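The values are calculated or read from the model by the stated rules, or taken from the named source; none is laboratory data. In this text the structure is predicted, and so the values were computed from the model without any measurement. No Cβ is skipped: glycine too gets one built from the backbone with ideal geometry, and neighbour counts run over all protein chains shown.
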Amino acid sequence: MSPLLALVLVAAPVESAAARFDREQAELRSQLLAKCPAHRAAIEQLGSALSDQRVELLRPLETCAAKVEPYFIALGGALSMKSQWPEAEAAYRKALGLRVTESAQLGLLTALVRQKSLTSTQQADLDSNLGYFRQRACSRADLCAALSYVAWHVDDVELVKRSAERSISLGFAGWQPYFFAGTVYAATDAARAVELLTQAKKRGGPQKDIDGFLSRLGPAPAP
C-alpha cells in the first residue's frame with residue numbers, strides 16, 4: 001500500500017450507523033422511484049413507515065423492482081421483523097441472485113436458522129454461507145451483531161465470541177452481541193460473562209433471561 005493511500009484510509013471518516021441507514025434509505029428510494037414511478041406514494045411512505053407496515057408497502061413493488069438488489073434486502077428485513085422466515089429467505093435469495101453481499105448472506109442465514117427444519121439444499125446453503133464468515137472477519141458492527149445471533153443459534157461458540165466481541169469493539173449500540181457472548185462465556189469465564197450480561201441488561205436486553213444467568217454466575221466484578 002502506498003503511503004498516500006494509507007494516509008487517505010486513516011483520514012477517511014467512519015460512517016455512523018445512523019448515517020449509513022439514512023444513505024441506504026435514500027439510495028433505495030432513488031432506485032425504486034426510477035424503476036417504479038407509478039408507486040411513488042408507497043415509496044415516499046417507506047421512510048416513515050412502522051416495521052409492520054413496510055411489507056404491505058414493499059410487496060406491490062416486486063415486479064417493477066425485480067432488478068433492484070437493495071429492494072429485496074429491505075423486503076427480507078421487513079419480513080424478518082414479522083417472523084415470516086420462509087418469505088424472508090426467498091427475498092434474500094433474490095437479493096443474492098442479483099449481487100452477493102454480506103448483508104444478504106446474513107439475512108439468508110438468519111432466515112434459515114429461525115426455521116424449525118431445513119431441506120438438504122437449505123442446510124447446504126447454511127453451511128456454505130457460515131463457512132464464508134468462519135474464514136473472514138465481519139466488517140461492520142451491525143453485520144457482526146447479526147453474525148453472533150446466527151452463530152448462537154447453531155451453537156458455534158467460537159464464532160459467537162469472535163463476532164460479538166468484534167461488534168462490540170466496532171461500537172454496536174444494541175444489547176444483542178453482549179447477550180449472545182455473555183451466555184456462551186458463562187461456561188468458561190464467569191467474570192467476562194457477568195460483565196457482558198450486565199451491559200446487555202443496561203442496553204435493554206431480555207431482563208428475565210439475563211437475571212437468570214446473573215443469579216447463577218454471582219455478583220459483577222468490581223470496577
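Inspection of the range 78-87 identifies at least one residue that is within 21 Å of Arg23 (Cα to Cα) and crowded, with 20+ Cβ neighbours inside 10 Å.
Considered as a group, the residues in the range 1-46 that are polar (S, T, N, Q) and within 22 Å of the chain's Cα centre (by Cα) include one that is modelled with the highest pLDDT, and that residue is Gln25. Cβ-Cβ contacts under 6 Å between residues 6 or more apart (or on different chains), taken from a first residue in the range 50-70 that is under 15 Å from Arg29 (Cα atoms) to a second residue that is charged (D, E, K, R) and modelled with pLDDT of 95 or more, are listed as Cys64/Lys35; Ala65/Lys35; Val68/Lys35; Glu69/Arg99. The residue pairs whose first member lies in the range 20-37 and is farther than 19 Å from Phe172 by Cβ and in the same structural domain as Arg54 (by TED's automatic domain parsing), whose second member is among the hydroxyl-bearing types (Ser, Thr, Tyr) and part of a helix (DSSP H, G or I), and whose beta carbons are closer than 9 Å, counting only pairs six or more residues apart or on different chains, are Leu28/Tyr71; Gln31/Tyr71; Leu32/Tyr71; Lys35/Tyr71; Cys36/Tyr71. From the list Tyr149, Tyr71, which residue is in a helix (DSSP H, G or I), among the aromatic types (Phe, Trp, Tyr), farther than 26 Å from Leu170 by Cβ and modelled with pLDDT of 95 or more? Step by step, each of Tyr149, Tyr71 is checked, and only Tyr71 is in a helix (DSSP H, G or I), among the aromatic types (Phe, Trp, Tyr), farther than 26 Å from Leu170 by Cβ and modelled with pLDDT of 95 or more. Among the residues of this structure, Val157 counts as one that is in contact with a Ser or Thr (Cβ under 9 Å, 6 or more places away or on another chain) and surrounded by fewer than 20 Cβ atoms within 10 Å (Cβ to Cβ).
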